[in-house]
Amino acid sequence: MLDFVLLTADQTRPFFGTLVDIYEKAFAQPPFNETFPDFFNFAGRLSYHARQPGFRCALARPAGQAPPVGFVYGYNGQGGSWFYKMAAQHLPPALLNEYLSDTFEFAELALLPAWQRHGAGGRLHDLLLDGLPQRTACLMTAEMETHALHLYLKRGWSTLARGIELPGTPLRYQMMGKRLAGG
C-alpha cells in the first residue's frame, strides 16, 4: 500500500537525495543505461527546476513515513526556457502557440524498478496534474517503447514532435502534449 503526497519546492528539498537515488535506480537500467554523469546532471536539474515558478512534486511512499519509492515533478512553462526553445525548433507556430502559451512542464517521473507497472506511476501522474490552472501540459520522453510512454498514451497525451536529439544522449526523444481540465 502506497501513500501519495503533493509537495511544494520547499517541502521537496529534504527529499532531494532520495529522489536522485530513485532516478539512478530507474534510469540505470536498459533502455536508458544512464551513468554517474547523468545522475549528477539530474541532481543539478532538480535543484534548478525546484526554483521555477509553480514547482510541485508528488511522492509515492509505503504507508507511514517510509522513504519515497517514486516521484514526479513539474513547474509552470515559460517562454524563453530551454524546453520552450526546443519546442520552437520542432513545432509549427500554431502548435507552439496552442501547447506552450499556457503550459505546465511535466519534467520527470521515476519509480524504483520493484514499484514499476503496479499503478503508482499513473497515480503520481494524476496527482501532479490535478487542479492545475494551465490549459496544457507538455513533456519530453524517449522515442521508444517504454512503460512511461504507455502511461502517457493511456492518459491522453499526444505526440507533437518526433526525432528530437538532446545533448549528451544517443537516444531520440519525442515531445508530447496534453490538454488539461483546468485551463
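Each value in this text was obtained by applying a stated rule to the coordinates, not by laboratory testing. Keep in mind that this is a model prediction, so the values were computed, not measured. Here Cβ is always computed from backbone atoms with ideal geometry, including for glycine, and neighbour counts include all displayed protein chains.
Find the all-direction average of the projected area of the Cα convex hull for the chain, expressing the result in square nanometres with one decimal place. Intermediate results must be reported in sequence, preceding the final value.
Numbers: hull surface 38.8 nm².
Over every viewing direction, the Cα hull of the chain projects on average to 9.7 nm².
Just to confirm the filter: which trypsin sites (Lys or Arg not before Pro) across the range 29-76 are DSSP coil and have at most 11 other Cβ within 10 angstrom of their Cβ? Could the numbers behind the result be given before it?
Details: sites: R45, R51, R56; in loops: R51.
Here the trypsin sites (Lys or Arg not before Pro) that fit, given the DSSP loop and packing criteria, are R51.
Summing -39500 (n - 2.57) over the DSSP H runs of n ≥ 4 in the chain and dividing by its residue number, what mean residue ellipticity at 222 nm do you reach, to the nearest 500 deg cm²/dmol? Let's see the in-between values first.
Values: 7 runs with 65 residues, N = 183.
After summing the helix terms and dividing by the residues of the chain, the value is -10000 deg cm²/dmol.
Sum up the charges of everything whose Cβ sits under 15 Å from the Cβ of A120, counting Lys and Arg as +1 and Asp and Glu as -1, but leave A120 out. Can you show the working numbers first?
On the way: positive: K25, R61, R117, R123, K154, R155; negative: D3, E108, D126.
Cβ neighbours under 15 Å give a net charge of +3.
Nearest 0.05, what FRET efficiency do Y48 and K154 give at R0 = 41 Å with Cβ-Cβ as r? Provide the component values of the computation, followed by the final result.
On the way: r = 30 Å, r/R0 = 0.73.
FRET efficiency, Y48 to K154: 0.85.
Does the range 29-70 classify as rounded, prolate or oblate by the C-alpha gyration tensor (a ≥ b ≥ c root eigenvalues; a/c under 1.5 gives rounded; else a/b over b/c gives prolate, otherwise oblate)?
Numbers: a/c = 2.51, a/b = 1.14, b/c = 2.19.
Taking the square roots of the gyration eigenvalues as a ≥ b ≥ c, the range 29-70 is oblate.
Taking 10 °C and 1.306 mPa s as the conditions, I'd like the Stokes-Einstein D for the range 1-84 in µm²/s, using the Kirkwood hydrodynamic radius from alpha carbon pairs. Please report the intermediate quantities before stating the final value.
Values: Rh = 13.7 Å.
Roughly 116 µm²/s, to the nearest whole number.
Taking 0.36 nm per residue of sequence separation and subtracting the Cα-Cα distance, how much length would be gained by fully extending the chain between A142 and Q78, in nm to one decimal? List each step's numbers first, then the result.
Details: separation 64, 0.36 × 64 = 23.04 nm, distance 2.23 nm.
In short, 20.8 nm is gained.
Can you check what the net charge comes to around A50, using other residues whose Cβ is under 12 Å from the Cβ of A50 (Lys, Arg +1; Asp, Glu -1)? Let's see the in-between values first.
Working: positive: R13, R45, R51, R56; negative: D10, E108.
Within the 12 Å Cβ shell, the charges total +2.
Quickly work out the T169-to-Q11 label distance, labels modelled 7 Å from Cα along the C-beta direction, and quote it in nm with one decimal.
So the label points at Q11 and T169 sit 2.8 nm apart.
With a ≥ b ≥ c taken as the square roots of the eigenvalues of the C-alpha gyration tensor of the range 90-147, please select rounded if a/c is under 1.5 and otherwise prolate if a/b is larger than b/c or oblate if it is not?
Working: a/c = 3.66, a/b = 1.64, b/c = 2.24.
It is oblate, given that a/c is not under 1.5 and a/b is not larger than b/c.
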